[in-house]
Amino acid sequence: MSPINLTMGIMFLSQTALGVLGNCTCLGYFLLNDFMGRRVKPIDLIVKHLTWANFMVLLFKGIPQTMAAFGMSYFLDDILCKLIFYFHRVARGVSLGSTSLLSVFQVITISPNNSKWGQLKFRAPKVIGSSLGLCWALQLLINAGIPTVVTDTLHTKNSTGFRDFVYCVTINIHSLTMTLYAILFSSIDVLCLGIMTWASGFMVLMLTKHKKMVQNIHSALSPWSSPETRATQSILALVSSFVFLNMISVILGLCHPFFDVTSRWLVNASVAMSACFPAFCPFLLLSRYTKVSNFCCTRSYETTHGPRLVGEV
């Protein structure tokens, strides 16, 4: 085994193991809350689906890529290759859609009741489940053509007209069809990233305005500056990492089909970038996101019922 393959194998193994551990911990946190009968916030459902999607991305991409990097060959047959590529694409799409939905729901949550978004505050929780179900259904449908172009490496060992993804291959299709697929997938990615960026920017603006207002009026009685600062930092950390890593992954993924030669380094780089967010997202959620959620829910409660009393939960 070459030093480069050994290095890539260790990197993929560390990334996958860390991500699986983090996502399992995040899921365990929600399962424990359910078992103890704690009140479930509407936003928790989005986070659960996001965590499951991230876990599937690591399972269907990180593990095979790690095995291939350590020199294992032909360990997947045709059926497994089709299933792995298909469910990886579905999980990646759901992760993207769930994060977009999470950002939009946060905007609605912290918006004043007299604003356009604030008027949806009491309707939004009722459509979260159906929105997530629609997201899964759309991804299952959009990626239905993936299995038709994916096969194992044994079927193309002595042939041409395919592109190597290390442990599986994709069969070259008509250039027009390939272009349409690329436009479809990239349009969805750009749309979701655009929604999430807009929603997060709007949310940061709202928190900043509220922070200035509170400092000028109630600085001595209502110490909101610290929670708002942490909330803003949490939003920026989650969104900026998601946008940055996924944009790089999208660019690398779009470049690969148009290369005439096999580019192992391009495949490895694309996989590493696409797995970074699923691997590190649960740690951002566990360490920061609970503070944002608690802050947003507290603001929503106080807007509706008035300030909490000392000791009120």
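The values are calculated or read from the model by the stated rules, or taken from the named source; none is laboratory data. All values reported here derive from a predicted model rather than from experimental measurement. Cβ: placed from backbone, ideal geometry, glycine included. Neighbour counts: every protein chain shown. Heavy atoms of the whole protein, side chains included, go into the accessibility calculation; ligands, DNA and RNA do not. Shrake-Rupley method; radii C 1.70, N 1.55, O 1.52, S 1.80 Å.
I need the peptides 267-273, 32-38 ranked by packing, meaning the mean over residues of other C-beta atoms within 10 angstrom, with the highest value on top.
Highest mean packing first, the order is 267-273, 32-38.
How far, in nm, would the chain grow between Trp198 and Leu6 when pulled straight, counting 0.36 nm per residue and subtracting the alpha carbon separation?
Fully extending the segment from Trp198 to Leu6 adds 65.0 nm.
Please give the FRET efficiency for Leu180 paired with Cys24, using the beta carbon to beta carbon distance and R0 = 30 Å, rounded to the nearest 0.05.
0.20
At 7 Å along the Cα-to-beta-carbon direction for both Ala144 and Ile173, put a label point, then send me their distance in nm to one decimal.
In this crude label model, Ala144 to Ile173 measures out at 1.3 nm.
Can you pull the accessible area of Leu154 for me, 1.4 Å probe, Å² to the nearest 10?
Rounded to the nearest 10, that gives 100 Å².
Please give the peptides 57-65, 125-133 ranked by average Cβ packing (other Cβ atoms within 10 Å per residue), highest first, as a rough proxy for protection.
57-65, 125-133
Report the extension gain between Tyr74 and Phe244 in nm, rounded to one decimal, defined as 0.36 nm multiplied by the number of residues separating them, less their alpha carbon distance.
In short, 57.9 nm is gained.
Given Lys41/Lys61; Lys82/Lys126; Lys48/Lys116; Lys48/Lys212; Lys121/Lys212; Lys41/Lys116, which pairs have Cα atoms separated by over 25 Å?
Pairs exceeding 25 Å: Lys41/Lys61; Lys82/Lys126; Lys48/Lys116; Lys48/Lys212.
Given R₀ = 35 Å, FRET efficiency for Arg123-Leu83 by Cβ-Cβ distance, to 0.05?
Efficiency at R0 = 35 Å is approximately 0.40.
Round to the nearest 0.05 the FRET efficiency obtained for Leu134 and Leu31 when R0 = 30 Å and r is the Cβ-Cβ distance.
E between Leu134 and Leu31, to the nearest 0.05, is 0.75.
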